[in-house]
Ligand SMILES: Cc1cc2nc3c(=O)[nH]c(=O)nc-3n(C[C@H](O)[C@H](O)[C@H](O)COP(=O)(O)O)c2cc1C
């Protein structure tokens with residue numbers, strides 16, 4: 001069950017929690033990004049409570065953007081962006097562990113606003129891990145599979161991607177086996193190497209080879225040569241986060257260099 005999926009231009013702004021809000025992502029679209037990713041945002045009760053705890057210890061970028069009461073108004077004002085070119089895509093990165101009232105609200109509001117829901121299997125903050133969320137969802141394939149099934153039943157007009165941290169995946173095959181049974185449009189992989197400023201390109205090669213699902217490569221993309229290497233190894237697109245926080249226009253420079 002694999003959707004056709006391509007990102008043009010193949011450079012993506014990766015999720016940066018509360019920093020990647022409507023204003024930031026609109027800037028990225030205006031600079032020509034092929035896809036922008038809003039959030040990540042907490043999208044069920046447990047993740048909402050976990051985010052409040054994160055905020056309490058000073059991680060203000062994890063502050064939930066809205067509460068249940070104001071959700072409808074907030075989503076109308078904060079999830080609709082303008083595309084410069086028709087084929088640009090707008091995604092939202094969500095932290096969900098279960099389908100409850102809040103996550104149903106989130107999922108039901110995405111259609112006609114957002115092209116892609118990116119399920120966060122990447123977060124490793126303790127507050128999120130302790131509720132079984134973020135990368136802890138990778139620990140039990142049947143729970144993950146059930147969640148993906150429930151999500152895909154609700155958001156039939158919206159594509160689904162997953163964001164993973166490669167270093168947290170002990171065995172890639174069982175994960176790919178599960179992902180390939182669902183309508184997953186892409187695997188977005190953070191290729192971080194602990195303690196080093198480089199991407200794990202061997203892992204990119206292994207994942208790209210193991211699946212027909214398009215792979216977005218992330219981490220330590222700092223110049224056009226990094227990007228070219230990742231494409232050669234099998235990435236369908238690359239993404240950046242930290243370099244864009246203080247220099248959003250950097251994405252336009254990379255896109256221009258790619259076109260030359
Ligand atoms: C402040 C901050 C917040 C982040 N928030 C999220 C998030 O909410 N969801 C997510 O999937 N990744 C999040 N990330 C991870 C980035 O999307 C990206 O995977 C990581 O920073 C490595 O890419 P880079 O080397 O281009 O920064 C965050 C990163 C930073 C620095």
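The values are calculated or read from the model by the stated rules, or taken from the named source; none is laboratory data. Everything numeric here is computed off the predicted structure, so don't read it as measured data. Neighbour counts are summed over all protein chains in view; Cβ atoms, including those assigned to glycine, are modelled from backbone coordinates with ideal geometry.
Just to be sure I understand the filter: pairs with C-beta atoms under 6 Å, separated by 6 or more residues or on different chains, first member in segment 233-246 and in contact (Cβ under 8 Å) with a residue 40 or more places away in the chain, second member part of a strand (DSSP E or B) and surrounded by fewer than 19 Cβ atoms within 10 Å (Cβ to Cβ). Which pairs pass?
none
Check 172, 213, 187, 154 and return the single one that is away from the ligand (no atom under 11 Å from the Cβ) and more than 22 Å from residue 135 (Cβ to Cβ).
Sole residue among the options that is away from the ligand (no atom under 11 Å from the Cβ) and more than 22 Å from residue 135 (Cβ to Cβ): 154.
Surrounded by fewer than 19 Cβ atoms within 10 Å (Cβ to Cβ) and at pLDDT 95 or above: does that describe residue 178? First the steps, then the outcome.
Numbers: surrounded by fewer than 19 Cβ atoms within 10 Å (Cβ to Cβ): yes; at pLDDT 95 or above: yes.
Criteria met by residue 178.
Considering only residues that are more than 10 Å from the ligand (Cβ to nearest atom) and surrounded by 24 or more Cβ atoms within 10 Å (Cβ to Cβ), look in segment 218-244 and name the one that is nearest to residue 17 (Cα to Cα).
Step by step, filter segment 218-244, then rank; the result is 237.
Of the residues 67, 86, 47, 77, which is crowded, with 17+ Cβ neighbours inside 10 Å and either away from the ligand (no atom under 14 Å from the Cβ) or assigned to a helix (DSSP H, G or I) (or both)?
Working: 67 fails: crowded, with 17+ Cβ neighbours inside 10 Å; 86 fails: crowded, with 17+ Cβ neighbours inside 10 Å; 77 fails: crowded, with 17+ Cβ neighbours inside 10 Å.
The conditions single out 47.
Within segment 226-246, can you find the residues that are closer than 19 Å to residue 27 by Cβ and not in a strand (DSSP E or B)?
Those that are closer than 19 Å to residue 27 by Cβ and not in a strand (DSSP E or B): 241, 242, 243, 244, 245, 246.
From the residues in segment 114-136 that are more than 11 Å from the ligand (Cβ to nearest atom) and more than 16 Å from residue 51 (Cβ to Cβ), which one is surrounded by the fewest Cβ atoms within 10 Å (Cβ to Cβ)? Steps first, answer last, please.
Keep residues of segment 114-136 that are more than 11 Å from the ligand (Cβ to nearest atom), which gives 114-117, 126-127, 129-133, 136.
So of that shortlist, the ones also more than 16 Å from residue 51 (Cβ to Cβ) come out as 114-117.
Details: 114: 24, 115: 19, 116: 22, 117: 25.
For segment 114-136, the residue satisfying everything is 115.
Note down all Cβ pairs under 7 Å where the first residue falls in segment 210-225 and is part of a loop (DSSP other than H, G, I, E, B), the second is within 16 Å of the ligand (Cβ to nearest atom) and modelled with pLDDT under 95, and they're at least six residues apart or on different chains.
What qualifies is 220/197.
What are the pairs, 6+ residues apart or on separate chains, where a residue within segment 7-32 that is over 14 Å from residue 249 (Cα atoms) and in a loop (DSSP other than H, G, I, E, B) has its Cβ under 9 Å from a residue that is at pLDDT below 95 and within 11 Å of the ligand (Cβ to nearest atom)?
16/61
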